[in-house]
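Q: Attaching a single structure in structure tokens format; questions to follow.
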Amino acid sequence: MPISHPSFGAVADDRIIIFDTTLRDGEQSPGFSMNLEEKIRMAEALADLGVDVMEAGFPIASVGDFESVEAIAKRFAKDGPVVCGLARTAPADIQRAAEAIKPAARKRIHTFVSTSPLHMRVKLRMEPEEVLALVTASVTMARNATDDVEWSAEDGTRTEHEFLCRCVEAAIKAGATTINIPDTVGYAVPEDMAHIFRMLRERVPGADGVIFSTHNHNDLGLAVANTLAAIRAGARQVECTINGIGERAGNASLEEAVMALRTRHDAVPVQNNIVTTKLLKVSKLLAATTGFDVQPNKAIVGRNAFAHESGIHQDGVLKDASTYEIMTPESVGWTTNSLILGKHSGRAAFRDRLKSLGYEVGDNQLNDAFKRFKDLADRKKVVYDEDIAALVDEEVHRGSERIVLTGLNVSTGMGTKPMATITLEVDGERRDGMAIGDGAVDATFNALRQAWPHEIDLKLYAVQSITGGTDAQARVTVRFEEKGKLVDGQGSDTCTIVASARAYVHALNKLLVKRERTEPPSVLPQKASA
């Protein structure tokens, strides 16, 4: 029987609601940080992908979080996905979330409290009856602010079943329309998930009138498997993130869960609204925004996901791709022909290719990206889709940066001490630096520190080739740590030294965002982990 829901109307039994928490749980990952412009761009991409609910942030956490949730809510003031704000049980949290999501056409407050014996004893220092009272009070207050309220039992999979039933019943009676049972610490196995959801649906009064949701962490590598088990046991909302980002080992990966549902429709016969051909585009957008690439063998969106090196496999794929591919590359956004364009290609062809790759850019961004494309085409024999994606990602995501790399010259060789001179624009002001180092990269980084003095610990420096050949673009990733805050930066160029400088400057800009967003708010925040 369909379930009546304030945001979705009659929800059929085979309908799965996709709840994306990339902008909330995902952004809590160490080193992941987005400024306001980047979060809005990501929100628009998620909406275009077809997510049903977008958890935009934790409004009480900081002024920056509140402003980003409010801005996303304004972006979807007329239509679009449900915009959700997270809140603990404190009245100030719920009120702040209600204020932030208010402009959205469809809005939700997501409130949570720990329910496991360990969390209640150690974290909350409260008795079960006190927690039960908080469930009722928080959901009631949230329901007074909006018709769409989600309640979560933090550490739900390690909660005593009798008490979990009581909490869920209390939340339903208080007006919750969605009940989420998160595997907060990634402890459960699929059999646990199936048992919990079946038990709740059978034992709790009113369970047939709400949407049950599953939110799984990947500490044991079981997040997607647990998600599928929960769906088969009656969960009709899936909480997930792009590229599986999130606390610790991350969350259930949206692209993996969605493609599992599509590919194995025989085993899990449900439907969702995700436009799967846009999965790769959104995955790459997130990677470019955060500076975190997915690993090459990542399911669905990893660059090796549809690669075949074994001769036996290659022979089978050439005869019939279905011999070794259970889905087509095109179904998730990969293109079959990656060899494109050259130095004689015009702006119209370049724009058309960008569109086919999933990029919609404004005239100014197009002009900047086209100029870099021409420069790249002059230096490379062949320009691939991956090359174009890399340079466009840089142009799109560098527009609002306070620190801009404008010049770099490096002198190095055998028997000489490497030296670098660099020019930056910091808030519009020119800054110059000159330094020597143990190598060309070390000299470049020393010059950057001289041009704009700062103290950071460099935790990671990694180089990879975007495509093959000696003229391939290098993609460099750097990771900084400052007072416990981690940020990653990326840069690409056919010159590894230039790519290194770009990555360093990208990370510096993200560090500035991190500093701004972690100023102590008037109400001391608590990190969310539901």
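Q: Can you pull out the residues in region 16-39 that are among the aliphatic types (A, V, I, L, M) and either modelled with pLDDT of 95 or more or not assigned by TED's automatic domain parsing to the domain that holds VAL149 (or both)?
A: ILE16, ILE17, ILE18, LEU23
Q: Another question, if that's okay. Does region 290-302 hold any residues that are surrounded by fewer than 19 Cβ atoms within 10 Å (Cβ to Cβ) and touching a residue at least 40 places away in the same chain (Cβ under 8 Å), and which are they?
A: The answer is PHE292, LYS298, ALA299.
Q: Tally time: how many residues in region 329-364 are aliphatic (A, V, I, L, M), at pLDDT 75 or above and surrounded by 18 or more Cβ atoms within 10 Å (Cβ to Cβ)?
A: Number of matching residues: 2.
Q: Condition first: in contact (Cβ under 8 Å) with a residue 12 or more places away in the chain, more than 23 Å from GLU55 (Cα to Cα) and of a type outside the set (Ser, Thr, Tyr). Can you find one or more residues in region 248-256 that meet it? Walk me through how you get there before you give the answer.
A: Quick first cut of region 248-256, residues in contact (Cβ under 8 Å) with a residue 12 or more places away in the chain only: 248-256.
Then drop every residue that is not more than 23 Å from GLU55 (Cα to Cα), which leaves none.
No, there is no match, as no residue in region 248-256 is in contact (Cβ under 8 Å) with a residue 12 or more places away in the chain, more than 23 Å from GLU55 (Cα to Cα) and of a type outside the set (Ser, Thr, Tyr).
Q: Among the residues of region 375-414 satisfying the criterion of being over 22 Å from GLY468 (Cβ atoms) and basic (Lys, Arg), which is modelled with the lowest pLDDT?
A: Applying the filter and picking the extreme gives ARG398.
Q: If you don't mind, there's one more thing I want to ask. LYS107: farther than 18 Å from GLY175 by Cα, assigned by TED's automatic domain parsing to the domain that holds GLU38 and among the charged types (D, E, K, R), yes or no?
A: No; evaluated as a whole, the condition is false for this residue.
Q: Please indicate, with yes or no, whether at least one residue in region 468-486 is hydroxyl-bearing (Ser, Thr, Tyr), over 25 Å from ARG248 (Cβ atoms) and modelled with pLDDT of 90 or more.
A: Checked region 468-486: no residue is hydroxyl-bearing (Ser, Thr, Tyr), over 25 Å from ARG248 (Cβ atoms) and modelled with pLDDT of 90 or more.
Q: Does ASP192 qualify as being of a type in the set (D, E, K, R) and surrounded by 23 or more Cβ atoms within 10 Å (Cβ to Cβ)?
A: No.
Q: Considering (1) free of Cβ contacts under 8 Å to residues at least 60 places away in the same chain; (2) in contact with a Gly (Cβ under 8 Å, 6 or more places away or on another chain), say which one THR444 fails and leave the rest.
A: Evaluating THR444 over (1) free of Cβ contacts under 8 Å to residues at least 60 places away in the same chain; (2) in contact with a Gly (Cβ under 8 Å, 6 or more places away or on another chain) leaves (1) as the failure.
Q: Please determine whether any residue of region 43-63 is in contact (Cβ under 8 Å) with a residue 60 or more places away in the chain, within 11 Å of the chain's Cα centre (by Cα) and within 23 Å of ARG402 (Cβ to Cβ).
A: For region 43-63, residues in contact (Cβ under 8 Å) with a residue 60 or more places away in the chain, within 11 Å of the chain's Cα centre (by Cα) and within 23 Å of ARG402 (Cβ to Cβ): absent.
Table: residues versus (1) in contact with a Phe, Trp or Tyr (Cβ under 6 Å, 6 or more places away or on another chain); (2) in a helix (DSSP H, G or I).
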residue: ASP438; (1), (2): no, no
residue: TYR461; (1), (2): no, no
residue: GLN464; (1), (2): no, no
residue: VAL478; (1), (2): yes, no
residue: SER492; (1), (2): no, no
residue: VAL498; (1), (2): no, yes
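Q: What single numbered condition from (1) over 28 Å from the mean Cα position of the chain (by Cα); (2) in the same structural domain as ASN509 (by TED's automatic domain parsing) fails to hold for ARG379?
A: Single failed check for ARG379: (2).
Q: Which of the residues spanning region 212-223 are surrounded by fewer than 24 Cβ atoms within 10 Å (Cβ to Cβ) and not in a loop (DSSP other than H, G, I, E, B)?
A: Result: PHE212, single match.
Q: Tell me the residue from ILE72, ILE109 that is part of a helix (DSSP H, G or I), under 30 Å from LEU280 (Cα atoms), touching a strand residue (DSSP E or B) at 6+ places or on another chain (Cβ under 6 Å) and of a type in the set (Val, Ile, Thr), please.
A: Working: ILE109 fails: part of a helix (DSSP H, G or I).
After ruling out the rest, the residue left standing is ILE72.
Q: Give region 472-516 a look and list any residue that's closer than 19 Å to ALA369 by Cα and surrounded by fewer than 20 Cβ atoms within 10 Å (Cβ to Cβ), or say none.
A: ALA472, THR494, CYS495, VAL498
Q: Taking region 310-328 as the search range and keeping residues that are of a type in the set (A, V, I, L, M, F, W, C) and part of a helix (DSSP H, G or I), which one is modelled with the lowest pLDDT?
A: VAL317
Q: For residues that are within 17 Å of HIS110 (Cα to Cα) and buried (at least 24 other Cβ atoms within 10 Å of the Cβ), tally how many sit in region 36-60.
A: Within region 36-60, residues that are within 17 Å of HIS110 (Cα to Cα) and buried (at least 24 other Cβ atoms within 10 Å of the Cβ) number 9.
Table: residues versus (1) exposed (fewer than 15 other Cβ atoms within 10 Å of the Cβ); (2) of a type in the set (Gly, Ala, Ser).
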{"site": "ASP427", "(1), (2)": "yes, no"}
{"site": "ARG431", "(1), (2)": "no, no"}
{"site": "MET434", "(1), (2)": "yes, no"}
{"site": "ASP438", "(1), (2)": "yes, no"}
{"site": "PHE445", "(1), (2)": "no, no"}
{"site": "HIS454", "(1), (2)": "yes, no"}
{"site": "ALA462", "(1), (2)": "yes, yes"}
{"site": "SER465", "(1), (2)": "yes, yes"}
{"site": "GLY468", "(1), (2)": "yes, yes"}
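Q: Let me ask something else. How many residues does region 117-168 contain that are in a helix (DSSP H, G or I), farther than 15 Å from ALA87 by Cα and among the polar types (S, T, N, Q)?
A: 1
Q: Check ALA252, ALA229 and return the single one that is closer than 30 Å to THR289 by Cα and of a type outside the set (Ser, Thr, Tyr).
A: Testing whether each residue is closer than 30 Å to THR289 by Cα and of a type outside the set (Ser, Thr, Tyr) leaves just ALA252.
The values are calculated or read from the model by the stated rules, or taken from the named source; none is laboratory data. Keep in mind the model is a prediction, meaning the values are calculated, not measured. Every residue, glycine among them, receives a Cβ derived from its backbone with ideal geometry; neighbour counts consider all protein chains shown.
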